[in-house]
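Engineer: Quick one: this structure, given as structure tokens, is what I'll be asking you about.
The values are calculated or read from the model by the stated rules, or taken from the named source; none is laboratory data. As the structure is a computational prediction, the values presented were derived from the model and not from experiment. Here the Cβ positions follow ideal geometry from the backbone for every residue, glycine too, while neighbour counts run over all protein chains shown. These area figures cover heavy atoms from the full protein model, side chains too; ligands, DNA and RNA do not enter into them. Shrake-Rupley method; radii C 1.70, N 1.55, O 1.52, S 1.80 Å.
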Amino acid sequence: NAGVTQTPKFRVLKTGQSMTLLCAQDMNHEYMYWYRQDPGMGLRLIHYSVGEGTTAKGEVPDGYNVSRLKKQNFLLGLESAAPSQTSVYFCASSYSQPGLAFDEQFFGPGTRLTVL
Amino acid sequence: LAKTTQPISMDSYEGQEVNITCSHNNIATNDYITWYQQFPSQGPRFIIQGYKTKVTNEVASLFIPADRKSSTLSLPRVSLSDTAVYYCLVGDGTNAGKSTFGDGTTLTVKP
């Protein structure tokens, strides 16, 4: 089992460029999440999904879009990148909903994005 | 939303027991408490989860008082490799988007 994988690991963009981050999990989890982590800060939830074909906004959704066309994949898009989106992006998945039993989130290795 | 409060940082020495307390005054009846560990340049990793009283696994113990308004993560005999950021997460069991990680506690273990 690969667990949660993220592509790419590093990326440098210019302001206004677009890109898509791919997250894949092989644990058949229903729940998937995208977080961003700025230096010295905790994780902030961008968007999440409670199942294939569903997405919802988290704490800091502005400037991002997501799609969950397949259960195992969760895509995060930046349509017009801004320097404020320079961060490390983590994807995670879980069997059950946070706050319930067996809600352990499995995290990917992260994508380090720099927007110039 | 059960907001959590943790100390920003803690120092310890190798071989000591470390206790990190998290306050969650607004925890809901059905919410579980989960702790994660994060090393630099890595994603967080699950440590332990509990609902009430005490839970123990091979790496840590979690103590939760009867009122559940706080919880304490206990790491026995820490080593240098336990230097990391520790997060307490109290999920909103009714809404997956309402669970938030705070800024965590940076634990530094010294030789």
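Engineer: At 1.4 Å probe size, with no ligands or nucleic acids counted, give the accessible surface of B:Asp82 in Å², nearest ten.
Structural biologist: The accessible area of B:Asp82 comes to roughly 40 Å².
Engineer: Additional query: Near A:Leu116, within a Cβ-to-Cβ distance under 15 Å, what is the net charge of the other residues, with Lys and Arg +1 and Asp and Glu -1?
Structural biologist: +3
Engineer: What percentages make up the Cα-Cα pair-distance distribution of the stretch A:6-63 when the bins are 5 Å wide from 0?
Structural biologist: Result returned by the calculation: 4, 13, 21, 26, 22, 10, 3, 0.
Engineer: Among the lysines in chain B, how many pairs, 8 or more places apart or on different chains, have alpha carbons under 15 Å apart?
Structural biologist: 4
Engineer: In what sequence, largest accessible area first, do B:Thr83, A:Thr55, B:Thr4 appear using a 1.4 Å probe?
Structural biologist: Numbers: B:Thr83 50, A:Thr55 70, B:Thr4 20 Å².
Putting B:Thr83, A:Thr55, B:Thr4 in descending order of accessible area: A:Thr55, B:Thr83, B:Thr4.
Engineer: OK, next. In square angstrom, what is the accessible area per residue of the stretch B:61-111 with a 1.4 angstrom probe?
Structural biologist: That works out to 39 Å² per residue.
Engineer: Right, next: Per residue, how much space in cubic angstrom lies within the convex hull of the C-alpha atoms of chain A?
Structural biologist: Convex hull of Cα atoms, per residue: 93 Å³.
Engineer: Of B:Ile27, B:Ile8, which has the most accessible area with a 1.4 Å probe, and how do the rest follow in descending order?
Structural biologist: From most exposed to least exposed: B:Ile8, B:Ile27.
Engineer: Let me ask something else. Could you bin all the Cα-Cα distances of the stretch B:32-111 into 5 Å bins starting at 0 and give me the percent of pairs in each, rounded to whole numbers?
Structural biologist: In order of increasing distance, the bins hold 3, 15, 24, 25, 20, 10, 3, 1, 0 percent.
Engineer: How far apart, in nm, are the 7 Å Cα→Cβ label points at B:Ala28 and B:Asp67?
Structural biologist: 2.2 nm
Engineer: Same structure again: Net charge within 14 Å of A:Gly51 by Cβ-Cβ distance, Lys/Arg positive one each and Asp/Glu negative one each, not counting A:Gly51 itself?
Structural biologist: Residues near A:Gly51 contribute +1 overall.
Engineer: On full extension of the chain, what length is gained from B:Thr108 through B:Arg77, given 0.36 nm per residue of separation minus the C-alpha to C-alpha distance?
Structural biologist: The span from B:Thr108 to B:Arg77 would gain 9.8 nm if fully extended.
Engineer: Across chain A, how many lysine pairs separated by 8 or more positions, or lying on different chains, have Cα atoms within less than 22 Å?
Structural biologist: On the way: A:Lys9/A:Lys70; A:Lys9/A:Lys71; A:Lys57/A:Lys70; A:Lys57/A:Lys71.
For chain A, qualifying lysine pairs total 4.
Engineer: Restricting to chain B, compute how many DSSP beta bridges are antiparallel as a %, nearest 5.
Structural biologist: Looking only at bridges with both residues in chain B, the antiparallel portion is about 85 percent.
Engineer: Measure of size requested: the Rg and Dmax of the protein assembly as shown, with Cα atoms as the atom set and Å as the unit; please supply both.
Structural biologist: 17.5, 53
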